[in-house]
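For reference, the structure is listed below as structure tokens.
The values are calculated or read from the model by the stated rules, or taken from the named source; none is laboratory data. Here the structure is a predicted model, which means the values were calculated and not measured. Backbone-built Cβ (ideal geometry, glycine too); neighbour counts: all protein chains shown.
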Amino acid sequence: MHASEGVTKENRMDFRTYIRKYGVLIALLVMFGIFSAIEPAYYSLENILIIVRQASIVGILAIGLTTVIIAGEFDMSFAAIASMTGVMSVFLMGHFHMPAIPAWLISWAIGIGIAAINGIIIVYLGVPSIIETIGMMTILAGLTKFVTKGATLYYATFPDLFPILGRAFVFKIVPTPVIVFLLVILVFVIILEHTKKGRYLHAVGGNPTASIHVGIEVRRVKFLALIISGATAGLGGIMIGSLLGSGVPGMGEGNLIPGISAMFLGAVFLRDGMPNIWGTIVGALLLAVLENGFIMVNMPFFMKEIVLGSVLIISVTIVAVLKKGEIPGVKLL
């Protein structure tokens, strides 16, 4: 083989590797460019901030899910936990006239408590995580209907702080969910990429047997990952309640498939089939770009579900191929 042929083959492999690692980011930029060409208002600063705000809650929920997947488990209940915490925050402030901060803290604690129940059943009793969290998701759907009596909770008065996490703006231009999202990103990048706990999470998810041999308490790490998912779900639910200004049964459940999709899209970014924090962020932004673009160009209302389902299937398929049939965190036996 001539030297030139070897160089050409090497360049071809480098190009394929580049596309494989950065394909999601490239898709994000391409879709943003297409929508901007169709509708000039799409790339305005105001709309860009709207896109990031749309990505914020899904992104926060997906970051928690990513942490669980990194640790080798799965969580189907995160969106239902968000519904429960959102409804409870509205209920406590509206029905009991509780100040915003205590209501948020209690609601957040409820989300973490639910995650602790998940952790006990999954980690210490050995129930497969995907099965247990589907069951918890169903239970929480019933409980939110019980609290709301199946109707929307709306009250005439709320504390002054109530809208700050969902509908307020910093400097009258930057939505507060964007600020919260950036803070969550900062915290999780530090935890997952630059701390011993983060290394433990990756080690446990990658090889739990080897982790035990080097002295890592695998069950404790997995339990912590599920608690983190409950904490991010609780925060997301509180933000949803603040954004909507009411308590709606299932108010967070619309984020289930987008959250899972963002995580699996992210697993294709940078690392071959491995969920990671930066990938999840890019995945959430890509989904927000698509959703916002469909609205801006007046796409048929049913296209959102079709595209979202297609994105999920494609991303999971790519991860399955890269991981040779093993989907991270999905274990039925």
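Observations on the model:
- Test result for Leu105, out of contact with any helix residue (DSSP H, G or I) (no Cβ under 7 Å at 6 or more places or on another chain), within 30 Å of Tyr200 (Cβ to Cβ) and either of a type in the set (A, V, I, L, M, F, W, C) or at pLDDT 95 or above (or both): yes
- Residue list for region 18-47, restricted to those being without any contact (Cβ under 8 Å) to a residue 40 or more places away in the chain and either hydroxyl-bearing (Ser, Thr, Tyr) or crowded, with 16+ Cβ neighbours inside 10 Å (or both): Tyr18, Ser36, Tyr43, Ser44
- Within region 196-218, the set of residues being loosely packed, with under 15 Cβ neighbours inside 10 Å and within 17 Å of Ile120 (Cβ to Cβ) comprises just one member, Glu217.
A quick yes/no check of all residues on (1) within 17 Å of the chain's Cα centre (by Cα); (2) not in a helix (DSSP H, G or I):
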{"position": "Ile26", "(1), (2)": "no, no"}
{"position": "Val30", "(1), (2)": "no, no"}
{"position": "Ile50", "(1), (2)": "no, no"}
{"position": "Arg53", "(1), (2)": "yes, no"}
{"position": "Gly59", "(1), (2)": "yes, no"}
{"position": "Leu65", "(1), (2)": "yes, no"}
{"position": "Phe74", "(1), (2)": "yes, yes"}
{"position": "Ser107", "(1), (2)": "no, no"}
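- The requirement of being aliphatic (A, V, I, L, M), farther than 28 Å from Val321 by Cα and touching a residue at least 24 places away in the same chain (Cβ under 8 Å) is fulfilled somewhere in region 246-254, by at least one residue.
- For region 316-328, the condition of being at pLDDT 80 or above, closer than 19 Å to Met31 by Cα, surrounded by 15 or more Cβ atoms within 10 Å (Cβ to Cβ) and under 21 Å from the mean Cα position of the chain (by Cα) holds for none of the residues.
- Pick from region 69-83, criterion in contact with a Ser or Thr (Cβ under 6 Å, 6 or more places away or on another chain) and within 27 Å of Val248 (Cα to Cα), ranking: surrounded by the fewest Cβ atoms within 10 Å (Cβ to Cβ): Met76
- Residues of region 235-242 include none that is touching a strand residue (DSSP E or B) at 6+ places or on another chain (Cβ under 9 Å) and either of a type in the set (S, T, N, Q) or surrounded by fewer than 21 Cβ atoms within 10 Å (Cβ to Cβ) (or both).
- Unmet criterion (only one of (1) in a loop (DSSP other than H, G, I, E, B); (2) touching a helix residue (DSSP H, G or I) at 6+ places or on another chain (Cβ under 6 Å)) for Arg271: (2)
- Test: Gly234 is out of contact with any Phe, Trp or Tyr (no Cβ under 8 Å at 6 or more places or on another chain) and in a helix (DSSP H, G or I): no
- Matching option when the condition is crowded, with 18+ Cβ neighbours inside 10 Å, in contact (Cβ under 8 Å) with a residue 24 or more places away in the chain and in contact with a Lys or Arg (Cβ under 7 Å, 6 or more places away or on another chain), among Val180, Val184, Val123: Val123
- Residue match in region 132-151 (condition: in contact (Cβ under 8 Å) with a residue 12 or more places away in the chain, surrounded by 16 or more Cβ atoms within 10 Å (Cβ to Cβ), part of a loop (DSSP other than H, G, I, E, B) and among the hydrophobic types (A, V, I, L, M, F, W, C)): no
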